[in-house]
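Contents: one structure, followed by commentary.
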Amino acid sequence: MTRRRTRTTDSKRYFDWLYHSRIDIASAAILMENESCYLSAAFHCQQCVEKSLKAYILYKTHRLLDGHNLTWLCKQAIAIDSSFSEWLDESARLNRLYIETRYPPDNPLDIREKDMEQLYRMTREIFDFVAKQLGFKFARYRKKPLSMRNI
């Protein structure tokens, strides 16, 4: 059986990627308020960084890269701007959050408050750096709404 997409391809507008990245970091901040939601908050941190890196690479190369591997995406960004090397280790740490925060692993992640604060801080740094590089202001950006009838 083949999985069919009912929508068109992902946006090729880098500001759309940063817009959704900003929503992920806002979601993570809200979820961090409840310790039982740390796994979900961590997932949104991973998503924020993934979308931020994709936005940056799309802005600089006009190519939308596929995939979820943050280390690989970070290396692609480093090839454009060596400043991203600052986050190479962090990207590896955030990388494992893509799967292990959404599905029950054999060895569950134990994310404590201090861990969550570190994850959020590094996510915020990466997002803020990319947003500054691209001149992105969340409050000024308006995404065209998609009717639920079209989904």
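Separation between the Glu125 and Asp89 pseudo-spin-labels, each 7 Å from Cα along Cα→Cβ, expressed in nm?
It works out to 1.0 nm between the two label points.
Whats the longest run of the chain with zero trypsin sites (Lys or Arg not before Pro) that are DSSP loop and have at most 13 other Cβ atoms within 10 Å?
Counting only loop sites that pass the neighbour cut-off, the longest clear stretch is 13-62.
For Glu113, Glu50, what ranking results if the residue with the fewest other Cβ atoms within 10 Å of its Cβ goes first?
Glu113, Glu50
When a footprinting reagent is the concern and you count Cβ atoms within 10 Å, what order do His44, His62 take, fewest first?
Sorted ascending by nearby Cβ count, the order is His62, His44.
List Asp110, Asp10, Asp24 from most exposed to least, where exposure is judged by having the fewest other Cβ atoms within 10 Å. Don't jump to the answer; show the numbers that get you there.
Working: Asp110 7, Asp10 13, Asp24 22.
Placing the least packed residue first, the sequence is Asp110, Asp10, Asp24.
Please count, across the stretch 1-127, the pairs of lysine residues with Cα atoms under 17 Å apart that sit 8 or more places apart or on different chains.
Counting lysine pairs in the stretch 1-127 gives 7.
For the chain, evaluate the Debye formula with one uniform point scatterer on each Cα (no solvent term) and list log10 I(q)/I(0) at q = 0.14 Å⁻¹, rounded to two decimals.
Evaluating at q = 0.14 Å⁻¹ gives log10 I(q)/I(0) of -0.71.
Based on the Cβ-Cβ distance from Lys12 to Tyr103, what FRET efficiency comes out when R0 is 30 Å, to the nearest 0.05? Write out the running numbers ahead of the final one.
Details: r = 30 Å, r/R0 = 0.99.
The pair Lys12/Tyr103 has a calculated efficiency of 0.50.
Here, each number is a calculation from the coordinates, and none is a lab measurement. This structure is a prediction, so every number in the text was calculated from the model and none was measured. Heads up, the Cβs are rebuilt from the backbone with ideal geometry, glycines too, and the neighbour counts pull from every protein chain shown.
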